[in-house]
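The values are calculated or read from the model by the stated rules, or taken from the named source; none is laboratory data. What you see is a predicted model; the values in this text were computed from it and never measured. A quick note on method: Cβ atoms are made from the backbone with ideal geometry, for glycine too, and the neighbour counts reach across all protein chains shown.
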Amino acid sequence: MVILGMLTLCLVSLQAGVTTYTFTSTSWASVCGSQKCDGKTDGWVSELNASSYDAGRTDAMGRLYSCGVSVKTGSSGAGARSVKSFTNIRSIGFHFCQNASDGRGTIYVQVGDSTMDSIVVHKPEKGMGIYMRDSVIRLVNQPSGKIRFWVRCTANAINIHSITIRAQEGGSTPFTTSSFQLVRDVSELQDSDQIIIGVMDAQTQKIMGYFDETVSQNNIHAIAGRYSDNRQQVGRNDEAIYTLRRGETSTGTEAWYIQDEIRYEEAYLVASGGQTKNRLALWNHLWDEKAYGDYGYWDIQIAPDGEATIMNLGRSLGKYIQYNSHNHPTLFGCYANLSQGAVCLYREVPALGDSAAIVADMVQFGHVVMQDSVVSGEQTIAVQANRLTSDIQCRLVDSASVFGLSRSVIDRDGDELTIYYTAREAGKYTDTLILSSDSIETRVGVMLQVIKPMSIAQVKTMVDYTSVYLNDVVVTKKYDTYIFVRDSTGSMLIFDNGDGSGGRYGSGLEQGHVLHGVRGRYQNYFGVPELSPDRAWGVLAQKQTCLPEVVTEVDSSDVCRYVRLENGTVTDDYQMRGIPVIDAFNTGISTGNCTMDAIVYWSWNTLQLWLVNQSVHTDITTPAVDTTGEPYYNLLGQKVSADYRGITIQRHQKVLMR
């Protein structure tokens with residue numbers, strides 16, 4: 001959990017505020033925050049106009065990259081001078097991008113008559129030119145004066161989006177705008193908080209919209225959300241903002257309720273499914289005496305990684321708000337158990353203004369798979385700071401944990417810090433990163449879950465909704481949403497109900513395909529061992545021959561197993577050895593003596609045989625004639641000479657039946 005401790009205002013000469021100018025034209029016109037600069041009292045005076053201006057482009061994730069002022073080869077030297085003078089300049093940073101395929105050169109900076117500094121811009125990685133990056137010049141001597149910069153481009157284009165000056169003047173641009181931040185502890189929530197309900201899955205760019213009967217009377221539609229890359233923030237969207245309230249239920253218990261003040265004022269989120277449905281709606285009262293009880297009140301629990309369990313306190317069967325990626329279109333609803341997509345809460349955090357502060361996001365390594373005896377990795381975070389008088393001390397609470405830090409001190413203006421880990425055992429690891437400067441302290445959660453690939457037998461011992469990672473498994477039968485798989489320890493079902501965008505992870509799979517990297521949540525679904533995948537897996541190039549396992553009888557321990565039952569009889573009521581035979585795969589069932597390949601299944605507390613293949617045996621008492629005119633008997637699917645009669649046939653039959 002991030003705690004902004006003791007946000008006191010320190011007005012001393014060592015302060016350094018941030019001023020950011022965003023350029024808006026080829027003549028280096030600019031805005032500072034939301035204010036347009038006049039070029040006389042604030043802003044920049046062009047020394048040489050740039051080649052063009054690029055308003056930006058949007059990537060595949062919907063994020064806008066504003067390329068800004070473009071300096072191309074042939075226009076080298078384009079740049080400008082600040083109208084204002086700055087005092088005790090500690091650093092100057094450029095936010096820029098390059099041509100998508102190239103873009104090289106140098107950015108030069110000079111303060112007053114001081115020595116010139118420069119930033120060399122190298123060729124970007126293939127296709128990465130349009131993405132923004134920052135380069136910062138740190139000025140140890142803290143000069144004062146007007147700032148001059150210019151750009152020399154030697155290949156294609158360098159696009160300058162903005163310039164950030166950290167000096168004695170200036171506010172704190174990174175903190176002057178309110179934002180919706182991930183909630184990682186229920187204690188962060190307060191009465192009247194503005195919240196957005198999001199999705200935990202890092203691949204899902206959806207948030208919960210507002211209730212609209214023209215879209216759905218029973219659930220709430222999902223709309224596009226703009227998450228930060230690390231999922232710690234989500235962009236403001238008035239179509240998704242609710243007000244969180246604290247109140248008392250009909251029995252006097254304190255609880256949360258969620259109000260839509262923006263559109264309906266006196267309207268509240270309720271679980272309205274009764275005892276049969278999974279429904280989430282918006283009604284104008286919180287309590288119903290007869291059917292629903294306290295169906296407008298909620299208990300909220302939040303895990304350290306931000307996963308929120310929002311449970312309704314009413315009488316409806318569906319109690320938990322979750323994201324349903326399997327419905328098309330996707331939606332948010334209430335469900336009886338935690339079988340759907342996990343959700344999280346983002347609360348609006350007011351702007352900090354010019355308060356002294358240290359801000360850093362939680363370090364979330366997520367699930368890491370341990371294939372060998374040790375696993376390691378690292379993550380670099382940006383530590384932002386404002387109006388500090390001392391450098392920032394960095395330490396972990398548990399010095400003996402699996403985590404470590406790249407350094408123990410970073411600049412008082414903020415900088416990047418790398419956290420690394422080395423783990424030799426599977427498990428959940430947590431620690432707390434403490435960032436402190438004088439009386440200002442921020443605590444940042446550090447989380448890692450190391451998981452080992454499991455056999456199917458091991459997965460079956462897990463509690464419901466555990467995240468699991470399977471060893472390689474072989475497909476024994478694929479039909480619609482059902483993917484039956486096995487390894488050397490057992491069999492189970494992958495229930496492939498979609499990836500949230502209308503497709504399925506198992507599209508194109510066939511019997512014998514070997515799946516690598518299957519991940520998802522495990523559940524014993526009323527007797528069926530089942531995994532709901534949460535991402536795509538790999539399919540090994542070489543298919544395996546996948547024959548059924550020959551058995552004489554089956555029981556509930558064989559559920560999901562691909563088996564062969566020889567010399568059985570399907571009765572007129574479609575049973576074999578007392579077990580119902582189901583034509584689940586639309587292959588067609590025949591009665592009589594046969595050899596059957598089937599998937600063993602469990603449904604409605606009944607063991608079943610889901611027919612895959614059936615070889616029906618004809619009557620052995622009447623000979624047939626082959627193409628040569630010789631008579632023969634069809635004995636349990638085998639061609640037997642007509643000379644084998646009487647006791648010989650009876651003995652042969654016993655051998656085949658054994």
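Are any of the residues in segment 354-363 of a type outside the set (Val, Ile, Thr) and surrounded by fewer than 16 Cβ atoms within 10 Å (Cβ to Cβ)? Looking through segment 354-363, none of the residues is of a type outside the set (Val, Ile, Thr) and surrounded by fewer than 16 Cβ atoms within 10 Å (Cβ to Cβ). Return a yes/no flag: does segment 215-230 have any residue that is surrounded by fewer than 21 Cβ atoms within 10 Å (Cβ to Cβ), of a type in the set (Val, Ile, Thr) and in contact (Cβ under 8 Å) with a residue 12 or more places away in the chain. There is at least one residue in segment 215-230 that is surrounded by fewer than 21 Cβ atoms within 10 Å (Cβ to Cβ), of a type in the set (Val, Ile, Thr) and in contact (Cβ under 8 Å) with a residue 12 or more places away in the chain. Residue count for segment 460-477 under the criterion of being surrounded by fewer than 21 Cβ atoms within 10 Å (Cβ to Cβ) and over 24 Å from SER376 (Cβ atoms): the result is 7. Note on segment 319-336: residues that are more than 22 Å from TYR505 (Cβ to Cβ) and assigned to a loop (DSSP other than H, G, I, E, B) total 2. With the checklist (1) assigned to a strand (DSSP E or B); (2) at pLDDT 85 or above; (3) more than 28 Å from GLN168 (Cα to Cα) in hand, flag the one item HIS367 doesn't pass. So HIS367 meets the others, but not (2).
When segment 110-119 is examined, which residues are found to be aliphatic (A, V, I, L, M) and surrounded by 15 or more Cβ atoms within 10 Å (Cβ to Cβ)? Correct list: VAL111, ILE119.
Yes or no, residue by residue, for (1) free of Cβ contacts under 8 Å to residues at least 12 places away in the same chain; (2) more than 24 Å from the chain's Cα centre (by Cα); (3) assigned to a strand (DSSP E or B):
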| site | (1), (2), (3) |
| --- | --- |
| VAL468 | no, no, yes |
| ILE483 | no, no, yes |
| GLY506 | no, no, no |
| LEU509 | no, yes, no |
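In segment 583-603 there is no residue that is closer than 26 Å to ASN337 by Cα, among the aromatic types (Phe, Trp, Tyr), in contact with a Leu (Cβ under 6 Å, 6 or more places away or on another chain) and modelled with pLDDT of 90 or more.
Of the residues making up segment 31-51, those that are assigned to a strand (DSSP E or B) and touching a residue at least 60 places away in the same chain (Cβ under 8 Å) are GLU47, LEU48.
For segment 387-401, the tally of residues that are surrounded by fewer than 20 Cβ atoms within 10 Å (Cβ to Cβ), in contact with a strand residue (DSSP E or B) (Cβ under 8 Å, 6 or more places away or on another chain) and not charged (D, E, K, R) stands at 6. Where strands (runs of 3 or more DSSP E) fall wholly inside segment 190-285, the ranges with 1 or more residues that are modelled with pLDDT under 90 are 281-283.
From the list ALA267, ALA271, the lone residue that is small (Gly, Ala, Ser), touching a residue at least 60 places away in the same chain (Cβ under 8 Å) and surrounded by 15 or more Cβ atoms within 10 Å (Cβ to Cβ) is ALA271.
Of all residues in segment 570-581, none are closer than 23 Å to ASP496 by Cα and either surrounded by 19 or more Cβ atoms within 10 Å (Cβ to Cβ) or not assigned by TED's automatic domain parsing to the domain that holds TYR469 (or both). Of the residues that make up segment 173-183, is at least one modelled with pLDDT under 90 and in contact with a Pro (Cβ under 8 Å, 6 or more places away or on another chain)? Scanning segment 173-183, I find at least one residue that is modelled with pLDDT under 90 and in contact with a Pro (Cβ under 8 Å, 6 or more places away or on another chain), so the answer is yes.
Just to be sure before I move on: is ASP305 in contact (Cβ under 8 Å) with a residue 24 or more places away in the chain, charged (D, E, K, R) and within 14 Å of GLY273 (Cβ to Cβ) in the structure I sent? For ASP305, the condition - in contact (Cβ under 8 Å) with a residue 24 or more places away in the chain, charged (D, E, K, R) and within 14 Å of GLY273 (Cβ to Cβ) - is not met. Which of the residues belonging to segment 484-529 are of a type in the set (Val, Ile, Thr) and touching a Lys or Arg at 6+ places or on another chain (Cβ under 8 Å)? Correct list: VAL514 only. Scanning segment 370-383 for residues that are in contact with a Ser or Thr (Cβ under 9 Å, 6 or more places away or on another chain) and surrounded by 15 or more Cβ atoms within 10 Å (Cβ to Cβ) yields VAL375, GLN379, ILE381, VAL383. Between a first residue in segment 327-338 that is farther than 12 Å from ASN219 by Cα and a second residue that is among the β-branched types (Val, Ile, Thr), which pairs have beta carbons less than 9 Å apart while being 6 or more apart in sequence or on different chains? Partner pairs satisfying both residue conditions: LEU338/THR309. Filtering ASP238, ASP201, ASP191, ASP212 for residues that are on the phi < 0 side of the Ramachandran plot and either free of Cβ contacts under 8 Å to residues at least 12 places away in the same chain or among the hydroxyl-bearing types (Ser, Thr, Tyr) (or both) leaves a single hit, ASP212. Take the conditions (1) farther than 30 Å from ARG519 by Cβ; (2) surrounded by fewer than 17 Cβ atoms within 10 Å (Cβ to Cβ); ASP415 misses just one of them, which is (2). If the requirement is being assigned by TED's automatic domain parsing to the domain that holds TYR242, among the aliphatic types (A, V, I, L, M) and touching a Cys at 6+ places or on another chain (Cβ under 8 Å), which of these qualifies: ALA291, ALA271, ALA267, ALA303? Just one listed residue meets the conditions, ALA271. Residues that are more than 19 Å from THR243 (Cα to Cα) and over 23 Å from the mean Cα position of the chain (by Cα) within segment 291-318 comprise ALA291, TYR292, GLY293, GLY314, ARG315, SER316, LEU317, GLY318, listed in sequence order. Residues being at pLDDT 90 or above, of a type outside the set (D, E, K, R) and either surrounded by 15 or more Cβ atoms within 10 Å (Cβ to Cβ) or in a loop (DSSP other than H, G, I, E, B) (or both): count how many of those fall in segment 534-546. Selection size over segment 534-546: 6. The residues of segment 66-109 that are surrounded by fewer than 19 Cβ atoms within 10 Å (Cβ to Cβ) and more than 43 Å from the chain's Cα centre (by Cα), listed by number, are GLY74, SER75, SER76, GLY77, ARG81, VAL83, LYS84, SER85, THR87, ASN88. Residues that are among the basic types (Lys, Arg) and either under 14 Å from LEU48 (Cβ atoms) or outside the structural domain of SER27 (by TED's automatic domain parsing) (or both) within segment 67-97 comprise LYS72, ARG81, listed in sequence order. Restricting to segment 521-533, give me the number of residues that are modelled with pLDDT under 90 and of a type in the set (Asp, Glu). Residues that pass the stated criteria total 0.
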